[in-house]
Amino acid sequence: PLKKKERVKSLFLNMEGALTARDRVGVQDFVLLDSHTSETAFLDNLRKRYRENLIYTYIGTLLVSVNPYKELGIYSVKQMEIYQGVNFFELPPHIYAIADNAYRVMCTEYNNHFILISGESGAGKTEASKKILQYFAVTCPTTEQLQIVRDRLLLSNPVLEAFGNAKTLRNDNSSRFGKYMDIQFDFKGAPVGGHILSYLIEKSRVVHQNQGERNFHIFYQLLESGEEDLLRWLGLEPAPQKYMYLIQGRCAKVSSINDKSDWKTVRKALSVIDFTDTNIEHLFGVIASVLHLGNIQYEEDSNGHAIITNGSQIKWLSKVSPLGRRSFHSDLEAGIEGTSPLNIDLAFCARDAAAKAIYGRTFTWLVNKINGSLANKDLTRKTVIGLLDIYGFEVFDTNSFEQFCINYCNEKLQQLLIEMTLKAEQEEYELEGIEWEPIPYFNNKIICDLVEEKHKGIISILDEECLRPGEATDLSFLEKLEEKVGDHAHFLTRKLADQKTRKSIDWVDFRLLHYAGEVTYCVVGECGLDNKPVLCKSKNGIIKECFLPLELDNRRRPETVATQFKNSLVSLIEILMSKEPSYIRCIKPNEGKEPGKFDDVLIRHQVKYLGLMEHLRVRRAGFAYRRKYEVFLQRYKSLCPATWPHWHGSASEGVERLIKHIGYKPEEYKLGRTKIFIRFPRTLFATEDAFEYSKHLLAIKLEACWRGVLARKEAKKRMWAVETIRKFIKGFINRKNPICPENDEFVRFVQYTYLTKLKDHVPKSVLDQNWLKAPATLEETSELLKKICMRNLVRKYCQGITAEKKAQLQQKVIASAIFRGKKDGYVQSINQPFADTRLSETDINPKVLQLIRGEKVKYVTPVVKYDRKGFKARERQLVLTQSAAYVVEMAKIKQKIDYATLKGISTSNLSDGLLVVHVPEDSKQKGDAILHCEHIFETVTKLCMLANKQNAVSIVQGSLQFHVSPGKEGTITFTSGQEPQIYKAKNGHLTVVSARIKS
């Protein structure tokens, strides 16, 4: 949801608010143009907005978009949030407003919508559809499963662009096909699936490109970035100049196109859209087969028939798109129809026809495959928003069959636009109880009938010529047109034209008077060859699906491309008629793709061909402006004393009172059931200018009142400050006296300040002895607080001590009492916790455990025992139980020392690990035990605690005496050196050398 501040800010950008700057930036809605019939005024408004980087303008609910050819920073997520859930006219025109309005109405009314995006190549249609998809992707609710659908919807675009877009003279990424995409939403408004329909892929581009143009992007992406193994398998070289179908435009490299990056995106997209490795292999096999087809060359034999000069291309074709090699070779020589040998010209035509057929049907297969991945398996009812990205009206120097189909499509869509706009206007008038006034407009049904009427239309005549027995030629088709539709007011040929017009029409041309103007079409090449038989034999999975053998067995008269297009267009119109419409008209400002350049001639041409003036005339034939009573009253209520500042009646009565006060004339407005309708823009402009003036007057009054409020507030604040300072000066002078009225406030302030500071300076641990010095009046309180604080810290510390930690601390305390300041290495051992035991019971021989007879083992550690006589070192285990210490060798107990008879424990003051356990001189004991262990502090502490003889430990310096046997003593000498070692000295003493500890 928007923050309140952002929402308030956005309200100043609405349509009415922008009218005050109309002289500089124009109007946001062309309906508000005073000279709505003037094409010059229309262009002037468009120019003003374009120069201010305002690329969007409305005609009612239709959006006009001018391509800026630069980044404007108006497509961020923040921008999406601003437009989300906002009334259509509340914010400036934007493509997000169109998308949000369609989505919001779909969710609330649970009906279907479509957004029709049209314009000529380079006007920004593809980018517009991407922006709408991105808006839905960001703003619609989602789940992890829905994210997969969302990714597939977004990634279907780069795949379709790779196979269906190409660089043209007008646009580096021109869509060469029409696309209708349905986005399916569930009852929560989340996108759950989609479906794509494609129209009239430009197959002729596969075999021919004009100078400065390229073939479809996928060819260059494959050659530029395809993996080395893939290209080797396809028989391709990474050099576009080696392929006939790629060199005609002489434009393989384009600075604005990154084929390597696009290839990576396409490969990623194919995996996300769920293409299998086999699908991808066959798909690139088809692309390679088209390139190999283009490199097939013919020469003439002695009979004038075409024969293939080099079989290498056939070899690769049979590999990447498996066909019977011999069959394919002979078919290409004899002609795709396989009926009779062809001359060279017809053989090349047959080759190109095969390439076009393969690519065209593969593109259809690709669209169907994408649809399979986008399909939603849930059968519950869905609502949809359709996106129709279709070519705009086209007029070139030479207009072929494809331009004819494109312009026929635009005639049908213009007819739909006018009909649905009139229908929407009529429904609104009826809903509001306003009498409908018939609107005069040009009905282009007469042109649509000229093209599509059964048995009489141009398409029907073309069908007859292409499919009738005998030889059909382009000129026979033209003669048939002159015979059947020659008397039509919108049809003209050179033969039918007058002397003046005849010069501009060739003998192979005919001219149609479209709604957008005259277009001359060339009939050359309207009739072609059948290319299915040989392709039905392919073993490539895709070609096999695209060219079914059943087609050869079907004896029904096949449909021509024109009829197929007409039928698909009729189906599209039916789809659109069942949905609520939104329209986006895209305009290209200049041919050079230069930011900021506004070409009047080019834009005037597009305004005409997009039917924008006709649409504006229909929208303006009734009322230029209409608003809900509540919105109108809220904005302009300040213009009438009766409605300002608050109107307590109904909104309709308030508006009626308001417009009477302003002085509206009866012919300038109508009052509906929920809206006010204003006929002329000048009426609205006058109202807006009056509102702007009243705002200035109101602002002056408010400013004066507010200045007074601020001045009084400031004076009161200064008075309070003077009194406070005076009190504090007296308080400071009397601060050492007992509390009285003169120092009471100062003392309390000092106390409050101290306690506030103390809050941030209390000790954080029991070891922290710092305490904030208190003022004299709070010394006693401060001491109490300090005691309470320390008790609390101690209590918290004690509560945090676990049983294990407590035991550790107890052992460390005893170790401190024994070793602190007496033995080297103790300080370094403090932070090392004592282990419960160094060896587990499983490390003790079971026989030893049996001999101990069930005494609970408390601690076990490995030690080195030195013989009392020869001081030979022997590895042993020291086992401490509840009542005795055992020196153990494997399965034997070598010495048992009862804690009750333990005389003492001796160790040196150096860092060595030697200890001597002293025992009584009697027959039961052999003598004192000389042991060396790694964890001396831990072992001695454990032994002392279990024997309860903490005072029996002796820390000696230099040497110590021990009992070898009753009546005989030995000596151990302690010294320090570079390396630790223990050895028997020449004097017979045991010498222990300790390494010096670095301080």
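The values are calculated or read from the model by the stated rules, or taken from the named source; none is laboratory data. As the structure is a computational prediction, the values presented were derived from the model and not from experiment. Neighbour counts run over all protein chains shown; Cβ positions are idealised from the backbone, glycine included.
Filtering segment 647-663 to residues that are closer than 14 Å to residue 632 by Cα and assigned to a loop (DSSP other than H, G, I, E, B) leaves 647, 650.
Counting only residues that are of a type in the set (Phe, Trp, Tyr) and touching a residue at least 60 places away in the same chain (Cβ under 8 Å), which one in segment 653-681 is nearest to residue 430 (Cα to Cα)? Step by step, filter segment 653-681, then rank; the result is 677. Checked against the criterion of being at pLDDT below 85 and farther than 21 Å from residue 224 by Cβ, the candidates 358, 307, 273, 296 yield just one match: 307. In segment 382-393, the condition of being assigned to a helix (DSSP H, G or I), of a type in the set (D, E, K, R), under 17 Å from residue 199 (Cα atoms) and at pLDDT 80 or above is met by no residue. Across segment 850-867, the qualifying residues are those that are in contact with a Leu (Cβ under 9 Å, 6 or more places away or on another chain), within 21 Å of residue 962 (Cα to Cα) and not aromatic (Phe, Trp, Tyr), and the one among them that is surrounded by the fewest Cβ atoms within 10 Å (Cβ to Cβ) is 864. Name the pairs: first residue in segment 478-490 and without any contact (Cβ under 8 Å) to a residue 24 or more places away in the chain, second residue aliphatic (A, V, I, L, M), Cβ to Cβ under 6 Å, at least 6 apart or on different chains? Cβ pairs passing all conditions: 480/461; 486/496. Of everything listed in (1) more than 32 Å from the chain's Cα centre (by Cα); (2) at pLDDT 90 or above, the single unmet condition for residue 250 is (2). Taken over segment 586-621, the criterion of being crowded, with 20+ Cβ neighbours inside 10 Å, modelled with pLDDT under 85 and assigned to a loop (DSSP other than H, G, I, E, B) is satisfied by 610, 611.
List the helices (runs of 4 or more DSSP H) inside segment 2-67, counting only whole elements, that have at least 2 residues being at pLDDT 80 or above and exposed (fewer than 15 other Cβ atoms within 10 Å of the Cβ).
Hits in segment 2-67: 39-51.
Does residue 695 satisfy the condition of being in contact (Cβ under 8 Å) with a residue 24 or more places away in the chain and outside any helix (DSSP H, G or I)? Here the answer is no, as residue 695 does not meet what is asked.
Name the single residue, out of those in segment 486-496 being surrounded by fewer than 15 Cβ atoms within 10 Å (Cβ to Cβ) and out of contact with any Leu (no Cβ under 8 Å at 6 or more places or on another chain), that is modelled with the highest pLDDT. Looking at the filtered set, the residue picked out is 487. Considering the conditions (1) surrounded by fewer than 16 Cβ atoms within 10 Å (Cβ to Cβ); (2) within 60 Å of the chain's Cα centre (by Cα); (3) touching a residue at least 24 places away in the same chain (Cβ under 8 Å), residue 847 is excluded by exactly one of them, (2). Residues of segment 660-688 that are surrounded by 13 or more Cβ atoms within 10 Å (Cβ to Cβ), in contact with a Ser or Thr (Cβ under 9 Å, 6 or more places away or on another chain) and either among the aliphatic types (A, V, I, L, M) or under 22 Å from residue 35 (Cα atoms) (or both): 662, 664, 668, 669, 671, 676, 678, 688. The residue pairs whose first member lies in segment 781-808 and is surrounded by 10 or more Cβ atoms within 10 Å (Cβ to Cβ), whose second member is assigned to a loop (DSSP other than H, G, I, E, B) and among the basic types (Lys, Arg), and whose beta carbons are closer than 6 Å, counting only pairs six or more residues apart or on different chains, do not exist in this structure.
Would segment 892-906 turn up any residue that is within 21 Å of residue 832 (Cα to Cα) and part of a strand (DSSP E or B)? No, segment 892-906 contains no residue that is within 21 Å of residue 832 (Cα to Cα) and part of a strand (DSSP E or B). Going residue by residue through segment 41-48, is there one that turns out to be among the charged types (D, E, K, R) and farther than 25 Å from residue 616 by Cβ? Scanning segment 41-48 turns up no residue that is among the charged types (D, E, K, R) and farther than 25 Å from residue 616 by Cβ. You will find that of 583, 636, the residue that is in a strand (DSSP E or B) and either surrounded by 21 or more Cβ atoms within 10 Å (Cβ to Cβ) or in contact (Cβ under 8 Å) with a residue 40 or more places away in the chain (or both) is 583 and no other. Condition check: assigned to a loop (DSSP other than H, G, I, E, B), free of Cβ contacts under 8 Å to residues at least 40 places away in the same chain, out of contact with any helix residue (DSSP H, G or I) (no Cβ under 6 Å at 6 or more places or on another chain) and aliphatic (A, V, I, L, M). Does residue 767 satisfy that? Taking the combined requirement at face value, the residue satisfies it. Name the residue that is surrounded by the fewest Cβ atoms within 10 Å (Cβ to Cβ), counting only residues in segment 288-314 that are farther than 15 Å from residue 244 by Cβ and touching a residue at least 24 places away in the same chain (Cβ under 8 Å). Among those that are farther than 15 Å from residue 244 by Cβ and touching a residue at least 24 places away in the same chain (Cβ under 8 Å), it is 303.
Where strands (runs of 3 or more DSSP E) fall wholly inside segment 928-999, the ranges with 3 or more residues that are within 17 Å of residue 917 (Cα to Cα) and in contact with a strand residue (DSSP E or B) (Cβ under 7 Å, 6 or more places away or on another chain) are 929-932, 953-956, 959-965, 968-977.
Search segment 842-853 for residues being within 14 Å of residue 878 (Cβ to Cβ) and in a helix (DSSP H, G or I), and hand back the single one that is modelled with the lowest pLDDT. Only one residue fits best here, namely 852. Scanning segment 394-432 for residues that are at pLDDT 80 or above, hydrophobic (A, V, I, L, M, F, W, C) and within 22 Å of residue 523 (Cα to Cα) yields 401, 404, 405, 406, 409. Anything in segment 884-900 that is of a type outside the set (D, E, K, R) and surrounded by 14 or more Cβ atoms within 10 Å (Cβ to Cβ)? List them, or say none. Answer for segment 884-900, where residues must be of a type outside the set (D, E, K, R) and surrounded by 14 or more Cβ atoms within 10 Å (Cβ to Cβ): 884, 885, 886, 887, 888, 893, 895, 897, 899.
Considering segment 622-633, and only residues there that are touching a strand residue (DSSP E or B) at 6+ places or on another chain (Cβ under 7 Å) and not hydrophobic (A, V, I, L, M, F, W, C), the residue that is surrounded by the most Cβ atoms within 10 Å (Cβ to Cβ) turns out to be 625. Restricting attention to segment 986-997, the residues that are at pLDDT below 90 and over 19 Å from residue 937 (Cβ atoms) total 3.
If you filter segment 69-97 down to residues that are in a loop (DSSP other than H, G, I, E, B), among the small types (Gly, Ala, Ser) and under 30 Å from residue 171 (Cβ atoms), you find that the one that is farthest from the chain's Cα centre (by Cα) is 73.
Within segment 346-379, can you find the residues that are part of a loop (DSSP other than H, G, I, E, B) and under 28 Å from the mean Cα position of the chain (by Cα)? Walk me through it before giving the result.
First pass over segment 346-379, keeping only residues part of a loop (DSSP other than H, G, I, E, B): 375-379.
If the condition is that a residue be part of a loop (DSSP other than H, G, I, E, B) and under 28 Å from the mean Cα position of the chain (by Cα), then 375, 376, 377, 378 are the ones that fit.
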